[in-house]
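First up is the structure itself, then whatever we jot down about it.
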Amino acid sequence: MICIPIVAATNEEAMKQMDKCFSLADVVELRIDFIRNVNLTKLLSAKKGKVIVTARKKDEGGNFEGDEEKRFFLLSKAVILRADFIDIELSTDETFTKKLLGDIRKHGDQTNLIVSHHDFNGTPSESKLQNIFNECVGRGAHIVKIVTFANSAEDNLKILKLISYAKKTNRKIIALCMGEKGKISRIMAPYFGSYLSFASLEKGAESAPGQLTVEEMREIFRILKDEE
């Protein structure tokens, strides 16, 4: 599956982008940490497909400026409004994660919890990646997301091996490498079993370094399918 992140500054612009994205991708990620005075009720009532709601912290590469109580309030509201996925970082206070899981159960398990970890400097060893994966699982993740920065081509192999490790444990994982040297992982990860891969709506709308556009991703997947 392909997911397009929306990094709009206003609710109106986010809705316009959502309308475009649902015809191009399988999932849309609402980066509400970028949206001023976000109106989740308005945004989620307009969805025409699956939506991930993310309020990424600044120390995890995000833009959220409020405190943790406000962040939790918004993510909890997204659960009530039946967002398909909520993404919360492994570094988040475990109490908040447990509360979100409680909200998810309370509202009929309509939302999947993604517990994520980002490393913007490099890619740890295979054993370290497995430990991080297990920590995310221990937090109650329905889906684990681990994104690292590729400083070498070999870093892509570590991430692809992590996907194989997750499959052996029967757990869903989103895993890829950022950066120019990590582009190959964005393409190959779905073939190894990654739950989804990210692509921008257009050039200049990337939410992370090394992100291809959705048109580029779709064309690459088409070529690879024709080669089978």
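The values are calculated or read from the model by the stated rules, or taken from the named source; none is laboratory data. Because the structure is a prediction, the values reported are computed rather than measured. Cβ coordinates were reconstructed from backbone atoms using ideal geometry, including for glycine residues, and neighbour counts include every protein chain displayed. To get the accessible areas, we keep the full protein, side chains included, count just its heavy atoms, and leave off ligands, DNA and RNA. Shrake-Rupley method; radii C 1.70, N 1.55, O 1.52, S 1.80 Å.
Derived scalar couplings between HN and Hα for segment 79-85 equal 5, 4, 7, 6, 4, 6, 9 Hz in order, rounded to whole Hz, by the Karplus curve 6.51 cos²θ - 1.76 cosθ + 1.60 (θ = phi - 60°), x for Gly and Pro. Within straight-line reach of LYS161, meaning a Cα separation under 26 Å, sit the following lysines at least 8 residues removed in sequence or on another chain: LYS128, LYS145, LYS172, LYS181, LYS183, LYS225. Summarising the label geometry, the points placed 7 Å from Cα in the beta-carbon direction at PHE120 and LYS16 lie 2.8 nm from one another.
The phi torsions of segment 39-50, fed into the Karplus equation with coefficients 6.51, -1.76 and 1.60 and a -60° offset, translate into couplings of 10, 5, 4, 5, 5, 6, 6, 9, 6, 10, x, 6 Hz, rounded to whole numbers, with Gly and Pro shown as x. Cross-link partners of LYS42 among lysines, defined as those whose alpha carbon lies under 17 angstrom from its own and excluding same-chain residues fewer than eight positions apart: LYS16, LYS20, LYS50, LYS77. Compared with the direct C-alpha span, the chain from LYS128 to THR95 gains 9.5 nm at full extension, assuming 0.36 nm per residue.
Here the Karplus relation 6.51 cos²θ - 1.76 cosθ + 1.60, evaluated at θ = phi - 60°, turns the backbone of segment 56-70 into coupling constants of 5, 5, 5, 6, 10, x, x, 10, 6, 9, x, 7, 5, 4, 5 Hz, with x for every Gly and Pro. Here's how it looks for GLU206: its modeled amide H is under 5 Å from none belonging to a residue 5 or more places away or on a different chain. Full extension of the chain segment joining ASP67 with LYS167 gains 32.4 nm, where the gain is 0.36 nm per residue of separation less the Cα-Cα distance.
Projected label points at GLU219 and THR41, each 7 Å from Cα along the beta carbon direction, are separated by 4.3 nanometres. With a 1.4 Å probe and every protein chain kept in, tell me what percent of the accessible surface of the chain is carbon plus sulfur. Reported share for carbon and sulfur atoms: 49 percent.
Restricting the trypsin sites (Lys or Arg not before Pro) of segment 187-228 to loop positions (DSSP other than H, G, I, E, B) with no more than 12 neighbouring Cβ atoms within 10 Å leaves LYS203. Entry comment: accessible area of the chain is 47 Å² per residue, from protein heavy atoms only and a probe of 1.4 Å. Listed by chain and number, the lysines placed with their C-alpha closer than 17 angstrom to that of LYS58 are LYS70; residues fewer than eight positions away on the same chain are left out. When you filter the trypsin sites (Lys or Arg not before Pro) in segment 42-82 for DSSP loop state and at most 12 other Cβ atoms inside 10 Å of their Cβ, you are left with LYS48.
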